[in-house]
Each structure stands twice: as C-alpha cells, then as structure tokens.
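Student: Take a look at the following structure, please.
Taken together, the values in this text are just the output of simple stated rules run on the coordinates, not laboratory data. None of the values given here were measured: they were computed from a predicted structure. Methodologically, a virtual Cβ is constructed for each residue, glycine included, from the backbone with ideal geometry; neighbour enumeration extends over all protein chains shown.
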Amino acid sequence: MLDQHSLLKDLPAVDRLMREAVLDELQQRLPRQIVLQAVQQTIAAYRSKIIESANSGKDTEKIDLSPSRLALEAAALAEQNSAMSLQSVINATGVIIHTNLGRVPLSSSAVDAIKAVAEGYSNLEMTLATGERGSRQEHLESLLVELSGAEAAVVVNNNAAAVFLVLNTFASGREVIVSRGQLVEIGGSFRIPEIITAGGAQLIEVGTTNKTYRKDYEAAINEHTAVILKVHTSNYHLVGFTAAVKTAELTTLAHENDLLLVEDLGSGVFIDLEKYSLPPEPRVQDSIAAGADLVTFSGDKMLGGPQAGIIVGRRELVSAIRKNQLARVLRVDKFTVAALEATLHYYRDEEAAINELPVWKMLTVSRSTLLHRAQRLAERFSVIFGKESVQVIEGISRVGGGALPEAELPTYLAAVTPREEKLSTAKLVELLRMGSPPVILRLQHDSLLFDPRTIIPEQEEKLFDAVNTACIKWKN
Ligand SMILES: *Cc1c(COP(=O)(O)O)cnc(C)c1O
C-alpha cells in the first residue's frame, strides 16, 4: 500500500494540468481565471480524498491521479461554474401555469416586443405626437379599458403588489371586510390576512368558512370601514353547503354605505371558459359590469403574459393609486410593458388569443393531437429504453398556478417504466432534472410520465437528446 505522503507528491501540479489538451482548448472559450480556479478546486478535492482514505485505512492505490483524469474533472467543473443559473427547462409535468417553472411561456409576439425594446431605445415615457414626457402606463391603459369595460387601468409588478397598493391607498388606518371563506393563501407567500396588514389596514373577518351572507357584511360596517374585499378562491373550491354574496349585491351594499367594493380575481380572464368545455372562471369584464370599483388580477396566470398585477376600475380611484408614492416603488419595467401590450392585443380577437397564446393552446389542444404527440414521444423513447418499457396511457393535466383547481384536463402520457430493476428510477429523474436542458416530469410508482400538453413542440428534439444522455449516464 502506498503511503499518504508519496500519493500527495504524485498529485499533478496546477501548471501541468493547465497544459492538458482539454483545458488548453477550454481556455479558448472560458476565461483563464475560471479554468484555473476549477483546476485548483479539483486538486484540493483530491488532496482531501487521499488524506481521508489513508486515515480511514482504505485502499489508496485505487485513486487515479493521472493528469488526463484530473483535467477532465476540472473541465467539467469549469463548465459547471460558468453555466447560467437561470436556464430554459422542459416542462413535461402537464401543469400549465407552473409557478416554479416561471408560470407560462409568452407568445412569439410578446417575445419579439421584449427584444425590440431591449436592443435599443423606446418611447417608454415619451408621447411621440408632442415630444413631451408621457407615462409608461399609456401603452397599456387604453387596451385594458377596451377589454374590461372599466374607466381606467394601472399596472404594477404582480397581483400581490396590486392588492397591496389598492388597500394601502384606500384603507390604510381603516378596516377591510373579508368573508372567512375567502382568506386565501397562494403558494405560501401570499396570504390575504397578511397583505391587508402589510397595507396598513385592519382585517375584519365575517361569516363562516362555508357560508357568508349579506347580513354578515352589513353587521361589520362601522365608521372605520373603508373597503369590502371580495377574493376569488382561486386555488380551492367550497363545495357542499355553502353561500357567498355575489359581486353585484356586495357593490350595492358597499355603495349604500359609501364604501369601495374591491375584487381580487387572482387569475383573471377575458374569455368565457365554458365555451371551451372548461370550468367557469370569473371574467374581468363581468366584475366591472357588476359594479366593482376596482378589480385586480395577474398578468402571468391565465392571461398568458408577463408577471404583472393589473388594476382596472373607476378613473378617480386609479388616479389616486397612481399618486401613491408606492406606485413608483412597484412600477413595471419596459419589458413587462412590451410583453403585456403584445399579449393584450390578442384578446381583441378571441380566436387569435385561443390560437396564438401558449397558455390557451395548451388549455384547448384536442385529445387527438395529444394522442398523436404522446405516440411520437413513445416511439422515440422506445429506441432509448426498449419497446417493452414504453407505453402510451391516459392521464390528467392540471391548470396549476392558482386557477381552476378542480379542472382535470384529460390527456395522453408517454410512460417509461425501465426494466433495469437494480437501478433507481428516482435517480433517473434526478439526472433528467440536472441535464441540459433540464427536464422536469412526474414519477408515478416506477414510471416516468411525459405529458405532451406542456412540452413545446419545438423542444422535442432537445428532449430526446436530454433523455438519451440521462439514460446513458444512468446505466453507467
Ligand atoms: C395568484 C393570486 C394572487 C397573487 O398574484 P401574483 O401575480 O402571483 O402576485 C393574489 N390573489 C389571488 C386570489 C391569486 O390567485
């Protein structure tokens, strides 16, 4: 057995490794400093390994210290250290609005709009007709007014910011009445009670979890009340013995008492979902028509646009919101304005919205198309895993992201059930997740499930490459 000291002496020096062909080539692409760092890290890791092995009496002879071996590891490390942290991934989960995966893909015209304003200057805050200073909100307001039927609109960073800003402007130091059935939590970080407190207002809960009546709201109104807040229960449904008060009736009650009726719709849609055999979701224009003073909703849920919080409603209220200093703190950047304007344009023609916005394409794709695409995936996976390991099965896709919680969208899945019984399928899932590009999917029992609904067709070739690479790594 070799002793620790002679082994440590055998460790190649930094200069020696830097001259290895792989690392020499790598320096054409990556900064020398990054490569050097990776070499130093690799040598240090081997030094610890030798000492640890010797101390625990393990066979140190097994450690390969050849320069070519260490250079390969250093090269991989350098690549890893210089890779972008935020990267494009393939969503094979079938969850359409996937918050952890950036919610929804944008339409190509939204992407083009972002690119156009990113590459040069834009009239973000200049009225071209006069050459005078304009507002970034002008690019969005007339479209939002047209689509919602409201008098005015203002857009901020996200819907949480929109709710916060509305309450801070109109209910700071005063009371906000909310039904106990609507104290929603979204994704752990947005909770209606906390956002009301953060906005400087006091929450007054009324009714019970399952039933709230007009008389419950009425009894809670006093001289401190500022707002009645209606919240769409976007990620759960109350079923069974329930009662809630409709927007129109709450509006009447609010106005009789000189209060504002604010409705947080969460997702917010302009399209009647029942026309497409989907469960109903409240439409923005219906809330405005029912008399709501202000309505808030997200840009990147079912709307299919960039992250944004949209506030529509009465003109003098929107003006007051814009004058709040916090509106400046929460304002959107030019990329959001560009992508949202392009997205909203589609809704002027419902057919265009359904056919062009990725979120609607995924929601309304036909079963025969899904079957066809699942078969195509299965065929290619058969080449990688063997025919007997792959099949097409029926399954369920989800809308996700706090919209249509009970909607089960029937789909077809390509299911891969590897026969390598000694190898862990969880490990294969991990290799796919760590791959390039990363592939995110569901593992059910011992089957990997690929839902074609959320796999963008243009990504399919990359998907096959990534699955093939992960499979080779897994078997070795
Ligand atoms: C999603 C949601 C929010 C938060 O919206 P973000 O755009 O994620 O900030 C607020 N309220 C409701 C009811 C929601 O569904």
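Student: Being in contact (Cβ under 8 Å) with a residue 40 or more places away in the chain, aliphatic (A, V, I, L, M) and under 20 Å from E461 (Cβ atoms) is the filter here; which residues of segment 366-389 pass it?
Tutor: Of everything in segment 366-389, those that are in contact (Cβ under 8 Å) with a residue 40 or more places away in the chain, aliphatic (A, V, I, L, M) and under 20 Å from E461 (Cβ atoms) turn out to be L370, A374, L377, I384.
Student: Mind checking which residues of segment 180-221 are more than 13 Å from the ligand (Cβ to nearest atom) and in a strand (DSSP E or B)?
Tutor: Matches in segment 180-221: Q202, L203, I204, E205, V206, K211.
Student: Another question, if that's okay. Test each condition in (1) surrounded by 24 or more Cβ atoms within 10 Å (Cβ to Cβ); (2) touching a residue at least 40 places away in the same chain (Cβ under 8 Å) for N222 and report the one that comes out false.
Tutor: (1) is the only condition that N222 fails.
Student: Can I ask one more? Which of the following residues is surrounded by fewer than 19 Cβ atoms within 10 Å (Cβ to Cβ), polar (S, T, N, Q) and in contact with a Leu (Cβ under 6 Å, 6 or more places away or on another chain): S82, S53, S66?
Tutor: Of the residues listed, the single one that is surrounded by fewer than 19 Cβ atoms within 10 Å (Cβ to Cβ), polar (S, T, N, Q) and in contact with a Leu (Cβ under 6 Å, 6 or more places away or on another chain) is S82.
Student: Continuing with this model, one more query. Report those helices (runs of 4 or more DSSP H) wholly inside segment 21-85 carrying at least 3 residues which are without any contact (Cβ under 8 Å) to a residue 40 or more places away in the chain and over 20 Å from D10 (Cα atoms).
Tutor: Fully inside segment 21-85 and qualifying: 21-29, 67-82.
Student: Take segment 288-306 and flag every residue that is over 14 Å from L140 (Cβ atoms) and within 11 Å of the ligand (Cβ to nearest atom).
Tutor: T296, S298, D300, K301, M302
Student: Tally the residues that are more than 10 Å from the ligand (Cβ to nearest atom) and either touching a Gly at 6+ places or on another chain (Cβ under 9 Å) or closer than 14 Å to R322 by Cβ (or both), restricting the search to segment 149-173.
Tutor: Number satisfying all stated conditions: 15.
Student: Does I97 meet the test of being more than 30 Å from A415 (Cβ to Cβ) and touching a residue at least 40 places away in the same chain (Cβ under 8 Å)? Don't jump to the end; show me each part of the working.
Tutor: Values: more than 30 Å from A415 (Cβ to Cβ): no; touching a residue at least 40 places away in the same chain (Cβ under 8 Å): yes.
No; evaluated as a whole, the condition is false for this residue.
Student: Going through segment 386-430 one residue at a time, which ones are crowded, with 22+ Cβ neighbours inside 10 Å and touching a Pro at 6+ places or on another chain (Cβ under 6 Å)?
Tutor: Of everything in segment 386-430, just one residue is crowded, with 22+ Cβ neighbours inside 10 Å and touching a Pro at 6+ places or on another chain (Cβ under 6 Å), namely L404.
Student: Let me ask something additional. I need the full set of residues from segment 432-458 which are in a helix (DSSP H, G or I), out of contact with any Gly (no Cβ under 9 Å at 6 or more places or on another chain) and crowded, with 19+ Cβ neighbours inside 10 Å, in order please. Steps first, please.
Tutor: At the first step, the residues of segment 432-458 found to be in a helix (DSSP H, G or I) are 432-433, 452-454, 457-458.
Right, trim to out of contact with any Gly (no Cβ under 9 Å at 6 or more places or on another chain) and you get 432-433, 457-458.
L432, the sole residue that qualifies.
Student: Which of (1) surrounded by 15 or more Cβ atoms within 10 Å (Cβ to Cβ); (2) among the charged types (D, E, K, R); (3) within 26 Å of L140 (Cα to Cα) does D272 not meet, given it meets every other one?
Tutor: (1)
Student: Can you tell me which condition S135 does not meet? The list is (1) part of a loop (DSSP other than H, G, I, E, B); (2) crowded, with 24+ Cβ neighbours inside 10 Å, and all the others hold.
Tutor: (2)
Student: Where the second residue is away from the ligand (no atom under 15 Å from the Cβ) and the first is under 19 Å from I186 (Cα atoms) and lies in segment 225-247, which pairs have Cβ atoms under 6 Å and are six or more apart or on separate chains?
Tutor: As it stands, the answer is K230/L250; L238/N210, since those pairs meet every condition given.
Student: Separate question: Go through segment 313-350 and give me each residue that's without any contact (Cβ under 8 Å) to a residue 24 or more places away in the chain and not in a helix (DSSP H, G or I).
Tutor: The first filter runs over segment 313-350 and keeps only residues without any contact (Cβ under 8 Å) to a residue 24 or more places away in the chain, leaving 316, 323, 325, 328-329, 333, 349.
Hits for segment 313-350 are D333, D349.
Table: residues versus (1) in contact with an Asp or Glu (Cβ under 7 Å, 6 or more places away or on another chain); (2) among the hydrophobic types (A, V, I, L, M, F, W, C).
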{"position": "V399", "(1), (2)": "no, yes"}
{"position": "L404", "(1), (2)": "yes, yes"}
{"position": "L409", "(1), (2)": "no, yes"}
{"position": "T417", "(1), (2)": "yes, no"}
{"position": "K422", "(1), (2)": "no, no"}
{"position": "V429", "(1), (2)": "no, yes"}
{"position": "S436", "(1), (2)": "no, no"}
{"position": "L441", "(1), (2)": "no, yes"}
{"position": "H445", "(1), (2)": "no, no"}
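Student: Can you tell me which residues in segment 235-277 are more than 20 Å from L203 (Cα to Cα) and within 16 Å of the ligand (Cβ to nearest atom)?
Tutor: Selection gives N235, Y236, H237, L238, S267, G268, V269, L273.
Student: Looking at (1) among the hydroxyl-bearing types (S, T, Y); (2) more than 30 Å from V239 (Cα to Cα); (3) touching a helix residue (DSSP H, G or I) at 6+ places or on another chain (Cβ under 6 Å), find the lone condition where T127 falls short.
Tutor: (3)
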